[in-house]
């Protein structure tokens, strides 16, 4: 098995899946332009290294870039949305390959609703 850097693996997984689009801006709802800073900040969270230390050891992003990505794009609800996106391969495949407008469903057949998306009340 070849050795690969964890950052390169994260970039490759994002290229396959597009999960970084789930990390939207807190106010505008737009995706981040600097994906390297976003993925580096996610990695810093994942290995519990901290943004300052990650900026010191990382070549691709500075501390202000990491802080901006972390403060404006990384939240509990965006982590939940990305996790849900990565766990629904059928819906992603259909939407990417065939342009289907199918609603994402869990493997049990229930329509998936992220935690940040409240259910509509029935009258």
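Bear in mind these aren't lab numbers, they're just calculated from the coordinates by the rules spelled out. Because the structure is a prediction, the values reported are computed rather than measured. We place every Cβ from the backbone using ideal geometry, glycine too, and count neighbours over all the protein chains shown.
Observations, loosely collected:
- Estimated at 0.36 nm per residue, the fully extended path between residue 16 and residue 67 surpasses their Cα-Cα distance by 15.8 nm.
- Placing dummy labels 7 Å off each Cα toward the beta-carbon, the span from residue 57 to residue 83 is 2.4 nm.
- Overall shape: oblate for the stretch 1-90, with the ratio a/c of the largest to smallest alpha carbon gyration tensor axis at 1.5 or above and b/c at least equal to a/b.
- Using 0.36 nm per residue and subtracting the Cα-Cα separation, the extra length available between residue 25 and residue 76 on full extension is 17.1 nm.
- Near-label residues of the stretch 57-89 by backbone N, under 19 Å of a point 7 Å along Cα→Cβ of residue 33: 60-74
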